[in-house]
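A.B. asks: Let me give you the structure first, and then I'll get to my questions.
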Amino acid sequence: MSGAEFSFDCRARSRLAGGWLLLAFLAMGISTLFAFLLVMLRTPFINPGWIDDRFFTHALVLHVDFAVIIWFLSFAGVLWSLFSRSRWLQAGWLALLFAFAGVGMILAAAFGSQSEVMLSNYIPVLKTPLFLAGLVSFGAGMLVLVLTSVGRGKRTVSSFGCHCAGIAVLTALLVLLWTVFSPVLDSSNAHYFEDLFWGTGHVLQFSYMLLMLVAWLQLARLAGIRLPQDGLLRGLFLLAVIPLVSVLFIHLQFLPGSAAYRHAYTELMRYGSWPVAMLLGGILLFRLRQRLANTNTWAGLALFFSVVLFAVGLFAGTLIRADNVLVTAHYHGTVGAVTLSFMGLSYYLLPRLGANTPAAGPVRVQIGMYGSGMLLLIAGLFWSGLHDVPRKTPGAEHLSNNIAGNGAEIFGMLLMGMGGLIGLSATILFLFLAARSLWPVQQTLFQRRVDQPGSS
Ligand code: HEM
């Protein structure tokens, strides 16, 4: 296992990476707060029934945007910062400023006036100028960071993987610009935001998958797993990003918002977003099993649960036939896998960015709780989805008001609730362990600590 995969040799770069890590943790905290509300409003016998549905939809917008957009892309900012060129560090700080300003505007809009909610897939929005300006500011921060950090020396497999993810984010931003200026989209149309973000949302999932692979490889190194040759790993990253070439054909062939355009992106996701990840995940789990003694390391455990969550999420995805919570099960498998891999990588990064090393015992408990809690949440959503419980609809399982009649749906959503509470408690434990390792901040964040390998 070598520290050489990620470079911590420049304190200025580590400080910038520390700034993005703080934004990532803040976003995870806010998303978790709203997930608590969602779980409460979707769990039978807990949902008090008198809470206005607008509360649910607002919470859903904030849960999704702070998790899928701000948590994931801020964490990407940590990795890109560690590989950015020294002469571009100022630009990195400017990007972080844009991102924080964006988050501030989104929060102000969220707690500001009552606003119309657009539950568009991937990037739902509150239809207010302040909220949209917040998204634009965050997006501008991402654009500046990606343009100033992608392509720096393909020195290590990890930096190569991060740059492939950067190319995917750049593609997603270009798709957004192409769609914004597309003459066919009409902003007064009820589906405007759905059509606007459809392409970008799909392409972003590729960048998250690529960064998850970077995290899997580092967790595998920490768990003492022998990795395939560097050349082969770089080849796998290239294979994983190449399907994005079809984005150009999609935009040359189909008009944004058309059924053919939507179908083309769904097909890109269905066939292009998972094969390399499942192949690498399978190899790593097979080699992890050979080193069974090492599966109880926090790194081995994080890798195990992240690969299993991803596989379970994909399996749920293959059964989607209608707009029900099977979609939500699919999402939470795949995004839960990315999230757990980032949590695992955070435990490796924190001591190398100057914080204290979190104790291995509580870290293992946190990872085990998050993995099993998310699997329970997904099992509940999966079962309810098979019984066609609609998504994004609080109290839907009671629709027929005949408990005997819809016992299966209620059982499923109770399971979702239980898994959700365990998963959310594990997320709070993660944020607590991370916050505690940062304390006292001044002394730790800027002073380099003795390198402590990811002890078990
Ligand atoms: C323990 C953690 C979590 C819990 C308990 C949780 C719970 C929920 C609940 C109850 C919903 C509403 C489902 C519906 O009404 O249809 C939801 C939606 C969603 N969550 Fe989470 N969530 C968690 C973590 C995450 C994470 C980490 C991400 C992404 C990084 C995420 C992304 C989403 C998305 C994209 C949706 C919208 C699904 C849709 O469009 O149907 N969640 N979540």
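The values are calculated or read from the model by the stated rules, or taken from the named source; none is laboratory data. This one's a predicted model, so the numbers in the text were calculated from it and none came from an experiment. All Cβ positions, glycine included, derive from the backbone under ideal geometry; neighbour counts span all protein chains shown. For accessibility, only protein heavy atoms count, side chains too; no ligands or nucleic acids. Shrake-Rupley method; radii C 1.70, N 1.55, O 1.52, S 1.80 Å.
A.B. asks: Let me cross-check H387: its accessible surface, 1.4 Å probe, with only protein heavy atoms counted, in Å² to the nearest 10?
C.D. replies: Rounded to the nearest 10, the figure is 70 Å².
A.B. asks: Suppose all protein chains stay in the model; what accessible area per residue would a 1.4 Å probe give for the range 11-438, in Å²?
C.D. replies: 38 Å²
A.B. asks: How fast does the range 69-159 diffuse by Stokes-Einstein, in µm²/s, taking the Kirkwood radius from C-alpha pairs at 4 °C and 1.567 mPa s?
C.D. replies: 92 µm²/s
A.B. asks: Rank G257, T32, M413 by how far each Cα sits towards the positive end of the charge dipole of the range 11-438 (+1 on Lys, Arg Cβ; -1 on Asp, Glu Cβ) and give me just the farthest.
C.D. replies: It is T32, whose Cα lies furthest towards the positive end.
A.B. asks: Work out how far the C-alpha atoms of the range 243-367 reach from end to end along every principal axis, then list the three figures in whole Å, largest first.
C.D. replies: Taking the Cα atoms of the range 243-367, the three principal extents are 52, 32, 27 Å.
A.B. asks: As a test of the definition: which semi-axes, in Å, follow for the range 11-438 when you take the square root of five times each eigenvalue of its alpha carbon gyration tensor? Largest first, please.
C.D. replies: 30, 27, 22
A.B. asks: Determine Rg/Rh for the range 305-375; Rg is computed over alpha-carbon atoms and Rh is the Kirkwood hydrodynamic estimate from the same atoms. Before the final figure, lay out the partial values.
C.D. replies: Details: Rg = 14.7 Å, Rh = 13.1 Å.
That ratio equals 1.12.
A.B. asks: Still on this structure, please answer the following. Once you wrap a convex hull around the alpha carbon atoms of the range 193-242, what is its projected area averaged over all directions, in nm²?
C.D. replies: 4.0 nm²
A.B. asks: Using a 1.4 Å probe on the protein heavy atoms, what percent of the accessible area of the range 183-326 belongs to carbon and sulfur?
C.D. replies: Of the solvent-accessible surface of the range 183-326, carbon and sulfur hold 66 percent.
A.B. asks: Then there is this: Could you work out how far the C-alpha centroid of the range 66-87 sits from that of the range 295-367, in angstrom?
C.D. replies: When both Cα centres are located, 18 Å separates them.
A.B. asks: Okay, next question. Given labels modelled 7 Å from the Cα in the Cβ direction, how far is it in nm from V184 to A108?
C.D. replies: It is 3.7 nm.
A.B. asks: Report, to the nearest whole %, how much of the accessible area of the range 80-141 belongs to carbon and sulfur atoms, 1.4 Å probe, protein only.
C.D. replies: 70 percent
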